[in-house]
Amino acid sequence: ALSASTAKAQWFEESNPWVPYVSATVQSAQVHAEAEGVNTVGGGLLPPFSAFDSDRDDALALGGAIGMSKDFGRFRTRAEIEGMWYEDQEDLVLGSFPGPPGPATSFYRTNLDENWSALGNLWFDLYAGQYLAWYIGGGAGVASSHLSTDDGVVAGENTDHDFAYQIGTGVLFNLSDNAELDLGYRFVDLGEVETDLIGTGGGIVPVGVPSGVFRLER
């Protein structure tokens, strides 16, 4: 995560009031998606089987935050509201039907778009010197994505919202009295998105027949 803040950087001032700030963030993210759910294969035409496997995709994330900060000697607390947009994850490949035995013989081709999150964060800074500080913290809120998936026999599409949280750490560089640079790492759990599955007319499942549910953990 790379963040630039316009906070009033009056480090080491014990009597500082709460100071408002805004920040802009650029992240290089690696998205890990894990499939869950059960395909009932057209309402019982075959025994149900579970989605499985996981896939990864690199993504760009952009966002910003507004917050308030307060110094306590060599420590500082920052409370903020952060919004983030995440690049689309296209053509994730997840296991659909397992071979008997062996690897999957068919796959869910899955896309995630319209990805965003809104989190309330709390960060704690420890000044290591006049120009450098270390921080740790995290936050919680909500994330949303539009999910679509298709394995050639069943398919589904839905926009879903879920609980999200993050934890992170990094370093702050004091560039001037009114600007800081943040370099850090964040682990973000964007929760679960799911969609009902229906038959597409491929294989043995007729068009429109309900066929279970597909879930994706991110």
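Some observations on this one:
- Rg over Rh, two decimals, the stretch 139-189 (C-alpha only, Kirkwood Rh): 1.29
- Between L147, L126, L112, the residue with the greatest mean-square fluctuation in the GNM of the chain (Cα pairs under 10 Å linked by springs) is L126.
- Per-residue [θ]222 nm for the chain (sum of -39500 (n - 2.57) over DSSP H runs n ≥ 4, rounded to 500): -500 deg cm²/dmol
- In the chain, the portion of solvent-accessible area held by carbon and sulfur atoms comes to 61 percent [1.4 Å probe, whole percent, DNA, RNA and ligands not counted].
- Between S176 and F163, the simple label model (points 7 Å from Cα in the Cβ direction) yields a spacing of 4.3 nm.
- Contour excess over end-to-end distance, with Cα ends at E34 and F124 and 0.36 nm allotted per residue: 29.2 nm
- Around A59: net Lys/Arg minus Asp/Glu count, Cβ-Cβ under 12 Å: -4
- Highest to lowest packing among 16-24, 159-167, 31-39, scored as the average C-beta count within 10 Å: 31-39, 159-167, 16-24
- Based on alpha-carbon atoms, the Kirkwood radius and the radius of gyration of the chain give Rg/Rh equal to 1.15.
- Rounded to the nearest Hz, the phi-derived 3J(HN,Hα) couplings of the stretch 81-96 under the Karplus curve 6.51 cos²θ - 1.76 cosθ + 1.60 (θ = phi - 60°) are 10, 10, x, 9, 10, 10, 4, 4, 9, 10, 6, 5, 10, 10, x, 10, where x marks glycine and proline.
The values are calculated or read from the model by the stated rules, or taken from the named source; none is laboratory data. Given the structure is predicted, the values throughout are model-derived calculations rather than measurements. As a convention, Cβ positions derive from the backbone with ideal geometry for all residues, glycine included, and neighbour counts pool all protein chains shown. Side chains are part of the model used for accessible areas, which takes the heavy atoms of the whole protein and leaves out ligands, DNA and RNA. Shrake-Rupley method; radii C 1.70, N 1.55, O 1.52, S 1.80 Å.
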